[in-house]
Every structure is written in C-alpha cells, then in structure tokens.
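For reference, the structure is listed below as structure tokens.
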Amino acid sequence: MTEKELNPNIDRSKKVIFIRGLKKAFDDNVILRGVDLDLYKGENLVVLGRSGTGKSVLIKIISGLLRADAGEVNVLGEDVCCITPREMDTLRLKIGFSFQNSALYDSMTVKENLEFPLERHSKDMTRADRDKLIDVVLEAVGLRSAINQMPSELSGGQRKRIGIARTLILRPDIMLYDEPTAGLDPITCIEINNLINEVQRRFNTSSIIITHDLTCARAVGDRLVMLLDGEFKREGTFEEVFATDDERVQAFYNYNFSE
Amino acid sequence: MDQSNNKTENNTRTRRYFISRRVDRFFMEVYRVWAFNARFFREVFFPPYEFREVIKQCYEVGVRSLPLISITGFIIGIVFTNQSRPSLADFGATSLLPALISVAIVRAMGPLVTAIIAAGRVGSSIGAELGSMRVTEQIDAMEVSATNPFKFLVVTRVLATTFMIPALTMYTTLVSLLGGYLNVHQNEQTTIITFFNQVFDAITFLDIIASSVKSVLFGYTIGMVGCYKGFYSSKGTEGVGKAANTSVVTAMFLLFIEELIVMQIINAIRGI
C-alpha cells in the first residue's frame with residue numbers, strides 16, 4: 001500500500017474551510033451531531049467512515065447543496081449558512097465537486113460537458129482559448145482522445161477522470177471528492193489516487209476526499225479524520241488514526257484489508 | 001450552555017407535525033407546486049437567458065412530434081367525418097359535414113388531441129429525463145458549478161412546450177381538416193374550396209382565440225407537470241419510472257379539467 005509523501009505546500013496558517021458544531025438530521029435520523037473540521041491551504045484531507053455516516057452530507061453542506069441545521073460552516077471566508085444565492089454562486093466557482101458517479105451530463109459529449117461551465121462563467125473567453133483550456137484539463141486527466149465521446153461510451157474510471165476535468169476547468173481553490181474510487185478496479189483506483197495527488201500539485205488545490213477505501217486514504221491523504229456516530233472521533237496521519245483499541249475503528253481497518 | 005445544546009439536539013431529533021404526517025405532507029406538496037410555478041415566473045424574465053437551449057427544446061417538442069401528430073391528426077379527421085356522416089345522412093344534412101368537422105376539430109379535438117399526444121410523448125420524456133438527471137446527481141452537478149438548473153432545465157422546457165403546443169395544435173387542426181376533406185371529397189365530391197369555405201364560415205374568431213388560449217394553457221401544464229415530477233424525483237430508477245408515469249397521468253388529468261373550465265368560460269362569453 002503506497003503512502004503519501006509529506007506535502008511541503010500545506011500552509012497551516014491559512015484555513016480554507018472552518019467548521020464548528022455542524023449538525024444535520026433528516027426527519028428523525030440525526031446524521032451529524034456537532035462536527036468540527038479545519039482544512040488548510042494546499043492540504044488533502046481524507047474523511048473516512050462507514051456508509052451512511054454522513055460523509056457525503058458533510059461535503060454537500062460545504063458546497064451549499066444541503067443546509068445545516070446548526071453550526072458554522074465557513075468556506076474561503078464566507079459563512080455558507082448565511083450568504084445570498086448570488087454570493088453562493090460566486091463561492092461555488094471556487095469549489096470543485098467530483099461526484100461519486102461522476103454526474104456527467106449524459107446528453108452532451110465530453111467536450112460539451114467541459115464547455116458547459118465555461119460558457120456560463122467565462123463569457124469573455126474566445127473559442128480558441130476555450131478549446132485550449134479544454135485541451136489542458138483533458139491532458140491533465142490523460143483523456144485527450146475522449147473529447148468527442150459520449151459519457152455512455154466511457155468506462156467508470158474514464159468517467160471519473162472527465163468528472164474531475166469538468167470541475168478543474170473553472171480552476172477551483174477547493175476540490176471535494178465524493179468516493180473517488182468507488183466501484184473501480186484496483187489498477188484504476190491507483191490511477192485515480194495519482195490523479196488526485198497530481199491535481200493537488202499542479203493546480204495547488206486544497207481537497208476533501210470522502211472515502212471508505214483505505215488504500216485511497218493512505219495514498220492521497222495528508223491528514224485523515226474518521227466519522228463515527230456523527231462526530232469526528234479520530235484525527236491524524238493514517239497510523240495515528242488506526243492506533244487505537246476502538247473496536248469500530250479496528251473493524252473498519254480489518255474489513256478493508258480482508259476484502 | 002449544556003441545556004441549550006440539548007435543546008438544539010432535541011430539535012433536530014424529533015419533528016412535530018401540525019395536523020398529521022399525511023395532511024402536513026399534502027399541504028407541503030401544494031405549497032411546493034405553488035412555489036415551483038412562482039419560481040418559473042420569477043426566473044423567466046431575468047437573465048441569463050438560455051436561448052440556445054430553448055430553441056433545442058422547441059425542436060425536440062415541436063419538430064420531433066410532427067410525424068406522430070401528422071398521422072394521428074389525419075386519421076382523426078377521417079374517422080370523425082366517417083362516424084358523423086350516418087347521423088347527418090338520416091336528416092339529409094351531409095352537406096353540413098364540413099361545418100360540423102370544423103367546429104368539432106377547431107373548438108375541442110385539435111387542442112385536446114395534440115395536448116394528449118404531447119403529454120404522452122413530451123411530458124413523459126421530460127419527466128424521465130429530469131428524473132434521471134436528479135437521481136444521477138446531474139442536477140446537483142449543475143448547481144455546484146454555479147449554473148441555475150431551474151433556469152437551464154425547467155424554464156427552457158416549459159417555454160418550449162408553451163410555444164410549441166399551440167403551433168402543433170394549429171398544424172393538427174389543419175391536418176385533421178385535410179383528413180376530413182379527403183373523406184368528404186371521396187363521398188360527396190366536394191371541392192377543396194367549397195369545403196374550406198364552409199369550414200371558415202362555421203367557425204368564429206372566438207373559436208380560434210379559445211383554441212389558442214387552451215393550447216397555450218395545455219402546453220404550460222404539460223411542461224410544468226413533467227418538469228415538476230422530474231425535478232423532484234427520488235428513490236433511484238424506480239423514481240425515474242414513477243416520474244415519467246405520473247407526468248403523463250397528472251398532465252392528462254389536468255388537461256381535461258382545464259378543457260372543462262375553459263369551455264365553460266367560452267360558453268359564458270358566447271351567452272350559451
């Protein structure tokens with residue numbers, strides 16, 4: 001299992017995401033019971049946890065797709081709970097969200113998928129500049145040849161890559177990855193892990209990676225947190241998180257490597 | 001401090017209902033439909049405008065419906081004429097066939113048949129497409145890329161159906177009348193000029209206005225119902241099927257209610 005090298009680009013003096021006392025429930029089902037989280041500039045933070053523990057809910061609240069019931073969620077200096085829709089849209093341009101199932105627009109080609117955000121947010125850009133930028137991001141995810149293909153013609157790994165390319169095209173400061181390696185074969189998982197690290201290096205992004213794949217967590221995470229019972233119970237490097245007698249944490253570790 | 005924390009936690013853990021879960025949900029649904037319609041009128045007038053998508057949707061709704069509408073409209077014209085002839089023949093009044101056909105088709109059958117076909121073809125397609133986009137998180141993907149999905153998906157589709165259903169209605173009416181003419185010409189040897197003279201003599205300006213108003217209303221309803229059902233679809237693939245199905249059923253139900261209401265209003269204007 002590959003471990004990530006120390007990242008010298010993390011700026012511990014600058015928090016890009018700051019969350020305190022975040023609570024969220026769906027009807028009677030309490031998901032988050034008071035989450036505190038800091039994400040530093042240039043850092044890859046992995047959020048671990050079993051399915052249904054609220055990992056995806058957390059990043060959906062950060063991106064404004066869901067509203068928190070209580071607590072403070074500060075992203076790039078803006079409190080997402082209190083800003084206007086227009087301010088939220090401006091903030092969203094600085095956040096890239098890579099969905100679990102890629103969420104590519106299936107009625108559009110790869111090129112049209114990448115053009116879609118550009119047409120709306122970079123109106124002053126010429127067609128030549130647009131094409132060049134599309135070329136750059138496709139090259140970054142290693143899929144220049146797929147430019148005219150439809151999403152249905154791509155494999156799961158290719159779809160993930162194009163999904164990441166679509167988020168990168170607006171040059172976000174923060175990347176949110178929702179289960180980036182879910183449903184992929186081990187080789188493709190390694191490729192996606194490398195891509196996440198490459199994106200961090202090349203585009204100088206800060207990222208939250210939601211996963212329950214420990215190989216991915218170890219390969220991409222500068223710091224890990226584990227969500228248990230709606231709160232972050234463990235935090236630190238890979239070794240620090242799993243250096244505990246807590247049966248649930250150990251079960252999570254053992255299950256991952258007995259698979 | 002501890003007390004206030006407990007209070008907040010309790011608030012998120014239990015939810016109280018005003019009347020009961022079901023009744024509350026019904027009123028919430030009514031409010032959501034109202035809010036969805038209100039949002040359409042709020043968003044339609046303010047930029048950015050998605051002209052290209054509106055044109056694309058107009059093509060999908062209008063041009064792609066033409067083959068089905070043409071065949072259905074033509075057959076309805078022939079069948080309606082054929083079925084009406086014996087009753088008029090009993091009174092020796094087959095010469096009134098063109099007038100009868102024109103009144104029936106322009107006033108009721110043209111708008112209604114077009115709307116029913118469009119509800120089946122376009123409404124279900126919108127419901128399924130948006131439903132599928134919802135469950136595969138494509139709508140969320142639009143939202144997080146700071147694109148207003150309501151404007152791009154809902155406003156464009158509702159505008160397309162509202163513009164194109166009246167156009168399709170005019171086309172269906174014409175094709176149905178042509179079908180009727182062929183049947184009349186075959187049996188009564190009426191010329192096309194005589195036929196259409198009688199057709200235009202039988203209908204009034206009010207008929208055309210009523211037909212147009214109805215088809216605009218029908219178009220809006222089909223688009224709105226399809227978009228609403230798709231936009232709020234859930235429960236995975238089952239939800240997509242349900243969205244497509246309920247789009248058609250709900251739209252057809254509303255179409256007949258609207259037909260009844262508009263007919264009563266027009267009859268009141270006519271003084272019948």
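Do any residues in the stretch A:57-85 that are within 18 Å of B:Met142 (Cα to Cα) have Cβ atoms under 8 Å from those of residues that are aromatic (Phe, Trp, Tyr) and surrounded by 20 or more Cβ atoms within 10 Å (Cβ to Cβ), where the two are at least six apart or on different chains, and which pairs are they?
Partner pairs satisfying both residue conditions: A:Ile59/A:Phe97; A:Ser63/A:Phe97.
I'd like to know if the stretch B:186-193 contains one or more residues that are hydroxyl-bearing (Ser, Thr, Tyr) and closer than 30 Å to B:Phe253 by Cβ.
The answer is no; no qualifying residue exists.
Determine whether A:Thr53 is closer than 26 Å to B:Asn148 by Cα and either over 18 Å from the mean Cα position of the chain (by Cα) or more than 14 Å from every other protein chain (Cβ to nearest Cβ) (or both).
No: the conditions fail for A:Thr53.
I need the full set of residues from the stretch A:96-113 which are over 17 Å from A:Leu58 (Cβ atoms) and within 11 Å of chain B (Cβ to nearest Cβ), in order please.
A:Asn101, A:Ser102, A:Ala103, A:Leu104, A:Tyr105, A:Asp106, A:Ser107, A:Met108, A:Asn113, listed by residue number.
Considering only residues that are more than 17 Å from B:Ala119 (Cβ to Cβ), without any contact (Cβ under 8 Å) to a residue 60 or more places away in the chain and among the hydrophobic types (A, V, I, L, M, F, W, C), which ones fall in the stretch B:197-241?
B:Phe205, B:Ile209, B:Val213
Could you identify the single residue in A:Ser102, A:Ser107 that is small (Gly, Ala, Ser) and buried (at least 19 other Cβ atoms within 10 Å of the Cβ)?
Residue meeting the stated conditions: A:Ser102.
Just to check your reading of the model, which residue among A:Lys94, A:Lys123 is basic (Lys, Arg) and under 23 Å from A:Leu39 (Cα atoms)?
Residue meeting the stated conditions: A:Lys94.
Restricting attention to the stretch A:7-64, which residues are at pLDDT below 90, part of a loop (DSSP other than H, G, I, E, B) and not β-branched (Val, Ile, Thr)?
A:Asn7, A:Pro8, A:Asn9, A:Asp27, A:Asp28, A:Gly49, A:Arg50, A:Ser51, A:Gly52, listed by residue number.
Going by what's in this entry, would B:Ala128 be described as small (Gly, Ala, Ser), more than 14 Å from every other protein chain (Cβ to nearest Cβ), in contact (Cβ under 8 Å) with a residue 12 or more places away in the chain and more than 24 Å from B:Val79 (Cβ to Cβ)?
No, not satisfied.
For the stretch A:116-143, which positions are among the charged types (D, E, K, R) and more than 12 Å from chain B (Cβ to nearest Cβ)?
A:Asp124, A:Arg127, A:Asp129, A:Arg130, A:Asp131, A:Lys132, A:Asp135, A:Glu139
May I ask you to verify whether A:Ala103 is over 14 Å from the mean Cα position of the chain (by Cα), more than 20 Å from A:Arg234 (Cα to Cα) and at pLDDT 90 or above?
Considered against the rule, which asks whether it is over 14 Å from the mean Cα position of the chain (by Cα), more than 20 Å from A:Arg234 (Cα to Cα) and at pLDDT 90 or above, A:Ala103 comes out as no.
Could you tell me which of the residues B:Thr246, B:Thr221, B:Thr250 is among the hydroxyl-bearing types (Ser, Thr, Tyr) and buried (at least 24 other Cβ atoms within 10 Å of the Cβ)?
B:Thr221
Out of the stretch B:183-212, which residues are over 16 Å from B:Ser95 (Cβ atoms) and surrounded by fewer than 16 Cβ atoms within 10 Å (Cβ to Cβ)?
Hits for the stretch B:183-212 are B:Thr204, B:Phe205, B:Leu206, B:Ile208, B:Ile209, B:Ser212.
Need pairs with beta-carbon distance below 9 Å; first residue more than 7 Å from chain A (Cβ to nearest Cβ) and farther than 23 Å from A:Lys123 by Cβ and within the stretch B:131-148, second of a type in the set (A, V, I, L, M) and not in a helix (DSSP H, G or I); sequence gap 6+ or separate chains.
Going by the 9 Å Cβ cut-off, the qualifying pairs are B:Met133/A:Ala103.
For (1) under 29 Å from B:Arg64 (Cβ atoms); (2) part of a helix (DSSP H, G or I); (3) touching a Cys at 6+ places or on another chain (Cβ under 9 Å); (4) among the hydrophobic types (A, V, I, L, M, F, W, C), each residue gets a yes or a no:
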| position | (1), (2), (3), (4) |
| --- | --- |
| B:Phe163 | yes, yes, yes, yes |
| B:Pro166 | yes, yes, no, no |
| B:Tyr171 | yes, yes, no, no |
| B:Ile193 | no, yes, no, yes |
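Using the structure shown, decide if A:Gly157 is touching an Asp or Glu at 6+ places or on another chain (Cβ under 9 Å) and either away from every other protein chain (no Cβ under 13 Å) or of a type outside the set (Lys, Arg) (or both).
When the stated conditions are applied, A:Gly157 passes them.
Can you name the residue in the stretch A:84-95 that is more than 8 Å from chain B (Cβ to nearest Cβ) and not in a helix (DSSP H, G or I) and, of all such residues, is nearest to A:Val137 (Cα to Cα)?
If we take residues in the stretch A:84-95 being more than 8 Å from chain B (Cβ to nearest Cβ) and not in a helix (DSSP H, G or I), then A:Lys94 is nearest to A:Val137 (Cα to Cα).
The values are calculated or read from the model by the stated rules, or taken from the named source; none is laboratory data. Everything numeric here is computed off the predicted structure, so don't read it as measured data. No Cβ is skipped: glycine too gets one built from the backbone with ideal geometry, and neighbour counts run over all protein chains shown.
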